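Enquirer: One structure is given below, represented as structure tokens, and several questions about it will come after.
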Amino acid sequence: IPKDGAPEAATAFLFNLRHPVDRMISWYHYEHPKSCLHNTATRIACHSAIAIEEEPENETALFYKTCFPNQHDFAAAFKSNGTSVLERMCISLAHHVVTGNAGQHYGKNGEHIKPIQGFKHITFNMRYYVTRTLANFPDKDVLVIRTESMWDDLKDLDLKLGGYGIFGQREGYKDSHGSETYKQEKDVLSGEEYSTLCCALQEEMDMYRQLVMRAVNLDEEDKYATIANTAERCGFPSWDNMLQQCTIQEHLIDGTRHIDSAVSLSPTLQLNNITFVRVGRAGHDELRVILSEFCRSNVHFFMEECEGARDSTLGDFVTGYVYAEDALPTRDVFEYTDAYLYNLGHPVDHFLSWYSFESPRACVEGHEDRLACKTAQEIEDHPIGNAALFFKKCFSTEDSLSEAFYHQRARVVDKACSKLARKVIDGQVFDIGFKHVSNNIRSYTKRTTDVFPKKKVLVVRTESMWD
């Protein structure tokens, strides 16, 4: 991740781009343990082999040895629903791979740690870099160097920047990382298998297209030619046709999904995986308990307390959850999901529930682990902090809280109270005592639907939860 304000200082981002499927195939062979020929410590494939040897049951072993020892098995995963637990686990892992979510590690506070061996280059995909650059600075220019025409692009860009398009002895240089020695790379995918991976990588394909179309160093003719060639490489006459055919293929697979339940009615929603977005103080605990009893038992989705029962069809679709803890970003491993399920309560009821739940007045002796008691301790430790100002000096009751928004009072302390109240309402206060109000609906959409706007949204309203 760029440090020291580098992205902010940049006037443009230069991306090196390769056809997403070719890049995936290259990753597969590059990090496959079979590509470790001489146990070279510096070769990344040997890191995968060592990881499997040290921990035969880890995710690297599951992927390369059990599920997908060759690339044909990997491609086939996207045209199957699986009938056994192992098959469904492999299919889920395959989808995690194409979305850059396989092999993820997270600390106890939700911070991202580097991926485990075997998934490094596929985790750090185009979306990974775009979310850390262009997503934060959308007005920056984009430059691209396409792997398929690297030296033409380099020379052209050098000329446009005022150079001579000359690279001396380095011109024509290629670093294959020893790929010519990979035995399994000679086993080429069929056209149908390649097309299948194009459809599986639709989000990366779309990111590729967006970067190409935004590139200021390519003319319009070159951009459209690149997009057309990318679709043709996938076996489709045009980009639009690819989108259409991939959508049809996806629906055909989803339509044959096996649902293990007592009664199977004709479904009106074609979904495979639902991520539960737990909005605090809006009935989330009740819904969490209900869903955790019936959720799909699958370790790759990190579902808490998943008992894997089958009494609820809905529960069978719930494969993960998102829950903000202390206003820190939570796991982003749920990119592979069809829909986000939010539990929603009336915003005012949510606000008042937070106030009564975390107010120090709700602290009961003998229950020091409650948030209200943590607020009381925070006030004692920091008598001039936000919690002390808010709950003691400004708004000791709900009535006094509502007054902050009716008029701007003259005294300095009242102005400070009004300012703090507005920050609290906006979810901008992250101190102890403000957990469930800072983790508001907006904070969750920033991590889910804002990042993946094409995902479907499902809601369970607190006021009519069982309906």
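The values are calculated or read from the model by the stated rules, or taken from the named source; none is laboratory data. Just so it is clear, the structure is predicted and the values come from calculations on it, not from any experiment. Note: ideal-geometry Cβ built from the backbone for every residue, glycine included; neighbour counts use all protein chains shown. For the accessible areas, the whole protein counts, side chains as well, though only heavy atoms, and no ligand, DNA or RNA atoms are used. Shrake-Rupley method; radii C 1.70, N 1.55, O 1.52, S 1.80 Å.
Enquirer: Under the rule of at least 5 residues apart or a separate chain, name every residue whose amide H is placed under 5 Å from the amide H of residue 145.
Expert: For residue 145, whose amide H was placed from the backbone, the distant partners under 5 Å are 15, 16, 17.
Enquirer: Now a separate question. With all protein chains present, how much of the accessible area of the stretch 425-467 (probe radius 1.4 Å) comes from carbon and sulfur, to the nearest whole percent? Intermediate values should be presented prior to the final figure.
Expert: Numbers: 1440 of 2640 Å².
Answer for the stretch 425-467 is 55 percent, counting heavy atoms of protein chains only.
Enquirer: In what sequence, highest mean first, do 87-100, 441-454 appear when ranked by Cβ atoms within 10 angstrom?
Expert: Values: 87-100: 21.8, 441-454: 14.6.
Highest to lowest by the protection proxy: 87-100, 441-454.
Enquirer: Order 137-143, 339-345 from most to least packed using the mean count of other Cβ atoms within 10 Å.
Expert: Most protected by this proxy first, the peptides run 339-345, 137-143.
Enquirer: While we're looking at this one, here's another question. May I ask you to derive the FRET efficiency for residue 223 and residue 445 from their Cβ-Cβ distance with R0 = 25 Å, giving the value to the nearest 0.05? Provide the component values of the computation, followed by the final result.
Expert: Numbers: r = 32 Å, r/R0 = 1.27.
E between residue 223 and residue 445, to the nearest 0.05, is 0.20.
Enquirer: Accessible area, 1.4 Å probe, largest first: how do 227, 384 sort?
Expert: The most accessible residue leads, giving 384, 227.
Enquirer: What figure in square angstrom, to the nearest 10, would you give for the accessible area of residue 120 with a 1.4 Å probe?
Expert: 100
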